[in-house]
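Beneath this line is the structure, given in C-alpha cells, with notes to follow.
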Amino acid sequence: MKSEYLGILESTKLKRLLEMSAGVCSDIQVQISCGTDDQDLVTVTGHAKGELSLICQRCMNEFNHHLEVKFSFTPVTAKTQVDELPEVYEPVDVDEHGLINICDLIEDELLVSLPFIPMHAIADCSVDEHDTVVGEIEDIVDERPNPFAVLKSLNK
Ligand SMILES: [Zn+2]
C-alpha cells in the first residue's frame, strides 16, 4: 500500500534554510510517498526542490542555487535494530507520539545539500578564475596546521 502526497513547504517555515540563504528562498515543492516495503518496513520516500540565493565566495555577488534532494526515510523506535535496516533507508527517530516531523527532515536534507563553499559556475562568475581560485586554495591549505611544525615541536 502506498500513499502519495504532493505539496509545498512554505519557505517562511524553513527558518534554518532561510538563515543559510542570502535572503531569498523559494517555497519548496515536495513529493512524498509513504508505504511499506517487502520487509514490512514503513518507508517515507520522495524528493524536494526549490531555489535559494547564496553569496558567491569568489565574487561576493548573489546567485540562485537550485535545491534538489531525494530522501528515503524509515521511522525507527528505541526497539528497532537499526543495524539490520537496509542501507538505502535513513533511519529517523519517532517522537513521543510515534510521529516523525517530515518538514524538519526535508529541511535537514536541503541544508546538507548546500555547497560547503557556494560559488557561481565559473562561466557565470564575474571574477576571473585565474585571479582567485589559486589564492583561495592556498588560503585553505595555509589554515591547516603544518604537520612538520608538529614534528618540530616533538623534537624539542
Ligand atoms: Zn561569482
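The values are calculated or read from the model by the stated rules, or taken from the named source; none is laboratory data. Quick caveat, the model's predicted, so the values are computed rather than measured. All Cβ positions, even for glycine, are placed from backbone atoms using ideal geometry, and neighbour counts span all protein chains on display.
Structure values in brief
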{"read-out": "Candidates Leu52, Leu6 - the one that is surrounded by 15 or more Cβ atoms within 10 Å (Cβ to Cβ), at pLDDT 95 or above and either among the charged types (D, E, K, R) or part of a strand (DSSP E or B) (or both)", "value": "Leu52"}
{"read-out": "Flag for Glu87 being within 23 Å of Leu14 (Cβ to Cβ) and either modelled with pLDDT under 95 or in contact with a Cys (Cβ under 9 Å, 6 or more places away or on another chain) (or both)", "value": "no"}
{"read-out": "Of residues in the range 26-43 being free of Cβ contacts under 8 Å to residues at least 60 places away in the same chain and among the β-branched types (Val, Ile, Thr), the one surrounded by the fewest Cβ atoms within 10 Å (Cβ to Cβ)", "value": "Thr36"}
{"read-out": "Thr80 being in a strand (DSSP E or B) and of a type in the set (Val, Ile, Thr)", "value": "no"}
{"read-out": "Out of Glu107, Glu62, Glu68, sole residue that is touching a helix residue (DSSP H, G or I) at 6+ places or on another chain (Cβ under 6 Å), under 18 Å from Glu51 (Cβ atoms) and surrounded by 12 or more Cβ atoms within 10 Å (Cβ to Cβ)", "value": "Glu107"}
{"read-out": "Some residue of the range 9-25 being surrounded by 17 or more Cβ atoms within 10 Å (Cβ to Cβ) and more than 30 Å from Ala123 (Cβ to Cβ)", "value": "yes"}
{"read-out": "Whichever residue in the range 48-63 is over 16 Å from Cys125 (Cα atoms) and touching a residue at least 24 places away in the same chain (Cβ under 8 Å) and, among such residues, is farthest from the ligand (Cβ to nearest atom)", "value": "Ala48"}
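Yes/no per residue for (1) modelled with pLDDT of 95 or more; (2) more than 30 Å from Glu96 (Cβ to Cβ); (3) within 16 Å of the ligand (Cβ to nearest atom):
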| position | (1), (2), (3) |
| --- | --- |
| Ala22 | yes, yes, yes |
| Ser26 | yes, yes, no |
| Thr36 | no, no, no |
| Gly46 | yes, no, no |
| His65 | yes, yes, yes |
| Lys70 | yes, no, no |
| Phe73 | yes, no, no |
